[in-house]
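The values are calculated or read from the model by the stated rules, or taken from the named source; none is laboratory data. All values derive from a computational prediction rather than experimental measurement. Note: ideal-geometry Cβ built from the backbone for every residue, glycine included; neighbour counts use all protein chains shown. SASA here: full protein model, heavy atoms, side chains in, ligands and nucleic acids out. Shrake-Rupley method; radii C 1.70, N 1.55, O 1.52, S 1.80 Å.
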Number of protein chains: 2
Amino acid sequence: MLKNYEIRKYQMEPEEIKESVREKREELVRQQQVIKEHKLPVFVLIEGWGAAGKGTLIGNLIKELDPRFFQVVKMQKANEDEKRKPFLWRYMEKIPEAGKFVFLDSGWLDETVDDVMHDKIDDVALEKRLRQIRTFERQLKDNGYLVVKLFLQIPPKEQKHRLDKLLENKDTSWRVDEDDILQVKKREKFEKVYDRILEATNTGYVPWNIVDAVDEKQALLQVLHLLTNQINQAVENFKILPEILHKDYPLLKMPKLAEVPLDQEMSKEEYEIELKKLQKKLKKLHNKIYRKRIPVIIAYEGWDAAGKGGNIKRLTSALDPRGFEVYPIAAPEPHEKARHYLWRFYHRLPKDGHIAIFDRTWYGRVMVERLEGFCTENDWKRAYNEINEFEKDLSDWGAVVIKFWIQIDKDTQLARFTERQNTPEKQWKITDEDWRNREKWDDYEAAIDEMIAKTSTENAPWFIIQSNNKYYARIQAIRTVIDEIEKKLNGR
Amino acid sequence: MLKNYEIRKYQMEPEEIKESVREKREELVRQQQVIKEHKLPVFVLIEGWGAAGKGTLIGNLIKELDPRFFQVVKMQKANEDEKRKPFLWRYMEKIPEAGKFVFLDSGWLDETVDDVMHDKIDDVALEKRLRQIRTFERQLKDNGYLVVKLFLQIPPKEQKHRLDKLLENKDTSWRVDEDDILQVKKREKFEKVYDRILEATNTGYVPWNIVDAVDEKQALLQVLHLLTNQINQAVENFKILPEILHKDYPLLKMPKLAEVPLDQEMSKEEYEIELKKLQKKLKKLHNKIYRKRIPVIIAYEGWDAAGKGGNIKRLTSALDPRGFEVYPIAAPEPHEKARHYLWRFYHRLPKDGHIAIFDRTWYGRVMVERLEGFCTENDWKRAYNEINEFEKDLSDWGAVVIKFWIQIDKDTQLARFTERQNTPEKQWKITDEDWRNREKWDDYEAAIDEMIAKTSTENAPWFIIQSNNKYYARIQAIRTVIDEIEKKLNGR
């Protein structure tokens with residue numbers, strides 16, 4: 001894209017450009033109101049050569065905007081904590097809320113080019129990452145985001161000239177870093193790498209825009225045109241539904257819930273002996289995954305009163321408490337609701353070497369949100385693939401992903417509800433909502449069958465745990481966690 | 001405290017200890033329910049010598065607890081971003097939500113001792129920090145937190161023995177770090193520093209508890225006793241109101257709002273010339289504070305329709321967008337409401353060298369929360385001092401703190417409300433709530449007068465900006481920001 005890039009210049013007088021900039025800026029200010037009304041989040045990624053003028057451009061862009069509704073983020077190099085998360089984690093953190101702008105000063109392009117140039121990733125890792133970036137951008141777009149990607153292009157001579165000028169003055173020399181100088185030295189190699197990545201992420205849904213950045217005013221006008229146009233387009237296309245994709249993830253053959261036997265028994269004695277043994281084993285494994293920096297993500301779903309809480313407790317009491325987190329997931333808070341529905345789960349991903357346990361999960365999208373109408377049909381139908389993609393990214397990052405469906409039958413639920421109702425210390429566990437959900441058992445069962453069938457992948461399988469007998473269920477869950485971690489450790 | 005510490009041992013048989021531990025653990029499990037009901041947050045800080053068994057103790061403590069309602073945090077050394085925040089920032093980040101436990105594995109004691117031992121802070125800085133720690137703990141306590149501080153004590157020989165043993169085995173040697181070894185080498189010096197800090201932070205409201213950690217089981221029992229007792233006490237004392245303090249901060253003499261003249265005029269022409277000049281100046285200053293790593297915090301309060309938004313916009317359009325953030329503050333979200341009311345402002349503090357602008361602020365406590373009854377009388381009466389303390393900490397950190405009250409009269413507000421109502425593009429700016437608040441003008445005015453009188457300190461003064469003429473107000477605000485930054489840069 002850079003190689004064959006031909007400089008497009010406006011054939012305009014300075015006065016004309018000034019006037020056009022003024023007009024376009026006014027339009028952008030009006031659009032700020034429009035995006036607020038439409039709850040459109042606008043994510044603007046500004047990449048480009050060192051000294052191409054990214055900062056100045058952003059300064060010019062936001063001049064008239066209401067600062068309560070935009071944010072400018074200058075990405076720094078990933079710190080130690082960020083390095084222990086998936087590559088895209090810190091970008092996901094920064095996505096705008098509905099109705100707001102985020103301008104990102106350098107981002108996943110810059111970081112990836114640097115990693116290639118410094119030999120931090122090989123070709124295989126690069127291809128994986130490019131796929132992740134495409135998925136990330138497409139998911140944002142499908143979930144109502146406008147993502148605008150700009151690359152500020154300047155010729156090599158111009159870049160050298162600018163950097164030299166910055167270096168001359170001690171008030172500006174601190175702005176030039178080693179990477180900028182490296183870019184000048186190895187411009188051709190950089191150009192090749194940039195081009196490869198630009199091309200690989202130049203998709204129909206989120207294309208790159210190359211901006212001629214030699215002249216500051218022209219660049220500004222070009223970007224104002226691009227941005228206002230793309231916002232208009234996004235608003236116009238607001239009601240066009242995104243395609244429902246079914247990527248070809250190898251799915252495991254799973255039974256329907258009705259086919260799952262629930263007759264396994266286990267005595268308290270047997271349970272206690274077994275539990276002790278397994279907890280000891282798990283404790284050792286926890287140490288190993290900590291040292292090998294393997295992240296583990298355990299997702300719990302199941303019927304109300306199926307015994308998720310008790311099950312989780314038996315798991316965690318074997319673990320070093322400094323190495324795990326349990327996240328009870330309830331309805332999203334406003335700042336969560338204002339973002340991509342997977343955001344709050346990304347946000348809670350563990351550091352590598354740590355374990356995150358989710359008590360209810362992102363599968364809410366295809367259960368409660370589907371059945372209660374908290375999202376559209378298109379939303380939940382798209383979600384199976386989006387979730388498979390999310391979990392694939394987690395596996396690619398090196399994570400062990402384990403998903404439990406804790407299964408009981410309707411009679412067992414009734415018995416447990418009744419017991420909770422009649423036991424003062426347990427009454428807090430039962431709410432009217434539980435009873436209401438129970439009435440929708442059949443609808444939920446159908447949705448769950450569909451969910452399990454469509455999202456049980458090789459890298460992130462569902463495990464249906466029979467839990468009419470809670471002892472049996474706990475043992476099964478711990479055993480599964482041990483198995484899956486061992487598989488990972490043994491490279492299976 | 002360590003020097004004169006006498007080892008207290010339970011005169012109990014191992015079987016008795018085991019039985020007592022079992023009982024106390026059960027009590028703790030029951031208390032988990034109690035703290036949930038009382039919305040009591042419990043913050044347990046576990047400090048002690050290296051290899052004293054902090055991790056093991058925590059593991060033993062949480063064994064039977066429901067993992068959805070506690071969190072264990074192992075504090076790491078501050079990363080680069082954290083170093084650019086106030087010292088206590090990252091601890092404030094970790095305070096528990098109402099009804100939950102947080103167990104902190106090392107914290108502000110450990111970090112302070114390390115900083116002293118590595119000569120990172122001098123005596124003056126240490127005294128400042130100790131004062132901050134006491135304030136932090138007292139504020140938590142006054143705001144309904146139970147803070148339990150434990151120090152795990154082992155004799156020097158025991159420590160050396162344990163570290164040697166850990167170092168022998170490659171599966172455990174990675175757990176020993178340089179600081180542990182340093183502690184053994186310089187035990188006496190460490191002991192002195194520990195003692196000084198322990199004593200300085202051993203307050204009546206949040207005392208230290210020295211735990212004999214030679215025997216793991218005895219230590220566990222001792223801590224279970226302490227913890228369950230302190231929870232019982234906290235619950236029993238739940239309704240006892242904290243004292244209302246008025247620390248002796250030098251207050252500036254401020255006028256009442258009714259005395260503030262509002263007759264200043266400024267023409268559009270004069271405004272535009274002046275604005276350009278001041279924005280240019282501010283731009284340069286922004287560069288300087290960035291390079292000198294001075295944090296700037298600008299707080300905007302004012303009547304509805306006083307012109308806060310427009311005022312902020314003129315300020316920010318002079319700034320490098322990568323160096324500031326604007327935070328519109330609305331009603332707290334659930335996770336914010338579940339914590340100390342200053343938490344969400346701490347959370348949004350800028351990195352040093354950056355500017356944070358708050359559109360409405362922590363002063364909500366003594367305005368809307370006071371008048372609408374969202375907090376108790378004791379809460380808002382305490383808040384004047386708590387806020388003065390908060391702002392003093394910010395100044396001590398090196399921040400410039402500027403607080404604006406944007407003042408208009410009632411007629412001007414009415415005129416602006418009416419205009420908003422009648423202008424389609426502006427209707428989103430006016431809500432029924434604005435009209436309701438207007439009816440309470442007099443109550444608000446009295447509250448604001450009290451607030452300004454009690455919180456205009458030398459280090460964080462209020463500036464009342466006349467805003468019947470918006471041009472005049474904007475110029476005044478920018479001028480004030482420039483003045484205050486220059487004062488700081490000139491060391492005045």
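Residues whose amide H lies under 5 Å from that of B:Val400, counting only those 5 or more places away or on a different chain, are B:Val296, B:Ile297; hydrogens are built 1.01 Å from N in the peptide plane. Overall shape of the stretch B:1-89 was characterised from the C-alpha gyration tensor. The equivalent ellipsoid obtained from it has semi-axes of 29, 22, 12 Å, in decreasing order.
Can you work out the base-10 log of I(q)/I(0) for the stretch B:163-211 at q = 0.22, 0.25 1/Å, using the Debye formula on its C-alpha atoms alone? Debye curve over Cα of the stretch B:163-211, log10 I(q)/I(0) at q = 0.22, 0.25 Å⁻¹: -0.82, -0.89.
Here A:Asn79 yields copy-to-copy label distances, from shortest upward, of 0.6 nm, the label point defined as 7 Å from Cα along Cα to C-beta. For the protein assembly as shown, the residue among B:Val73, B:His225, A:Leu152 whose Cα projects farthest onto the positive side of the dipole built from Cβ charges is A:Leu152.
The candidates A:Tyr472, B:Tyr271, arranged from most to least accessible area with a 1.4 Å probe in the full protein assembly, appear as A:Tyr472, B:Tyr271. Magnitude of the charge dipole for the stretch A:14-236, about its Cα centre and with charges confined to Cβ atoms of Lys, Arg (+1) and Asp, Glu (-1), is about 380 debye. The label-point distance for A:Val214 and B:Ala125, in a model that sets each label 7 Å from Cα toward Cβ, rounds to 5.1 nm. Projecting the Cα atoms of B:Ala383, B:Ala51, B:Ile273 onto the charge dipole of chain B, computed from C-beta unit charges around the Cα centre, puts B:Ile273 farthest toward the positive end. Under 15 Å from a label point set 7 Å out along the Cα-to-Cβ vector of A:Lys192, the amide N atoms of the stretch A:120-154 belong to A:123. Between copies, B:Val260 shows label-point distances of 6.3 nm, shortest first, with the point placed 7 angstrom from Cα along Cα to C-beta. Cα centroids of the stretch B:187-266 and the stretch A:379-425: 41 Å apart.
Answer rounded, prolate or oblate for the stretch A:40-93, using the Cα gyration tensor with square roots of eigenvalues a ≥ b ≥ c: rounded when a/c is under 1.5, else prolate when a/b is larger than b/c, else oblate. Oblate shape, in that a/c is at least 1.5 and b/c is the bigger or equal ratio. Annotation for B:Asp164, label-to-label distances across the other copies: 6.6 nm (shortest first, one decimal, point 7 Å from Cα along Cα→Cβ).
Between helix A:410-422 and chain A there is an angle of about 90 degrees, using the helix long axis and the longest principal axis of the Cα atoms. A loss of 30 Å² or more of accessible area (1.4 Å probe, protein heavy atoms, ligands and nucleic acids excluded) relative to the isolated chain is seen in these residues of the stretch A:412-433: A:Trp428.
Cα centroid separation, the stretch B:303-359 to the stretch B:1-51: 41 Å. What is the distance in Å between the Cα centres of the stretch A:94-112 and the stretch A:62-84? Value for the Cα centre distance between the two parts: 7 Å.
Mean separation of Cα pairs under 8 Å and 6 or more residues apart, divided by the residue count, gives chain A a relative contact order of 19 percent. The tail of the calculated P(r) for the stretch B:14-236, taken as Cα-Cα distances beyond 33 Å, holds 16 percent of the pairs.
Over 22 Å, how big is the tail of the calculated P(r) for the stretch A:241-346, in percent of all Cα pairs? I get 59 percent for the Cα pairs in the stretch A:241-346 exceeding 22 Å. The rule of thumb for compact globular proteins, 2.2 N^0.38 Å, goes into the C-alpha radius of gyration of chain B 1.13 times. When the charge dipole of chain A is built from unit charges on Cβ atoms (+1 for Lys and Arg, -1 for Asp and Glu) and taken about the Cα centre, the candidate among A:Asn437, A:Gly204, A:Met12 whose Cα reaches farthest toward its positive end is A:Asn437.
Taking a Cβ cut-off of under 12 Å around A:Pro461, the surrounding Lys, Arg, Asp and Glu residues balance to a net charge of -1, with basic ones at +1 and acidic ones at -1.
Here the spin labels are modelled as points 7 Å beyond Cα on the Cα-Cβ line, and at A:Glu16 and B:Glu269 they lie 3.3 nm apart. Our helix-only sum for chain B, with -39,500 (n - 2.57) per DSSP H run of n ≥ 4 divided by its residues, gives a mean residue ellipticity at 222 nm of -16000 deg cm²/dmol.
Placing unit charges on the Cβ atoms only, positive for Lys and Arg and negative for Asp and Glu, gives the stretch A:257-489 a dipole magnitude near 1420 debye about its Cα centre. Each Lys and Arg adds +1 at its Cβ and each Asp and Glu adds -1 at its Cβ; summed about the Cα centre, chain A shows a dipole of about 1440 debye. Solvent exposure of the stretch B:421-492 amounts to 50 Å² per residue of accessible area, where only protein heavy atoms count and the probe is 1.4 Å. With contacts taken as Cα pairs under 8 Å at a separation of at least 6 residues, the stretch B:257-489 carries a relative contact order of 33 percent.
Using only alpha carbons, the stretch B:265-402 has a radius of gyration to Kirkwood radius ratio (Rg to Rh) of 1.01. For the stretch A:332-436, the calculated P(r) over all alpha carbon pairs, in 5 Å bins from 0 to the bin holding the longest distance, is 2, 9, 16, 19, 16, 15, 12, 8, 2, 0 percent. Along its principal axes, the stretch A:257-489 has C-alpha extents of 44, 43, 33 angstrom, given from the largest down.
A run of chain A free of exposed loop cleavage sites, with GluC sites (Glu not before Pro) counted only in DSSP states other than H, G, I, E and B and at most 12 other beta carbons within 10 Å, reaches its longest extent at A:7-242. If you wrap the tightest convex hull around every Cα atom of the protein assembly as shown and split its volume per residue, you get 194 Å³.
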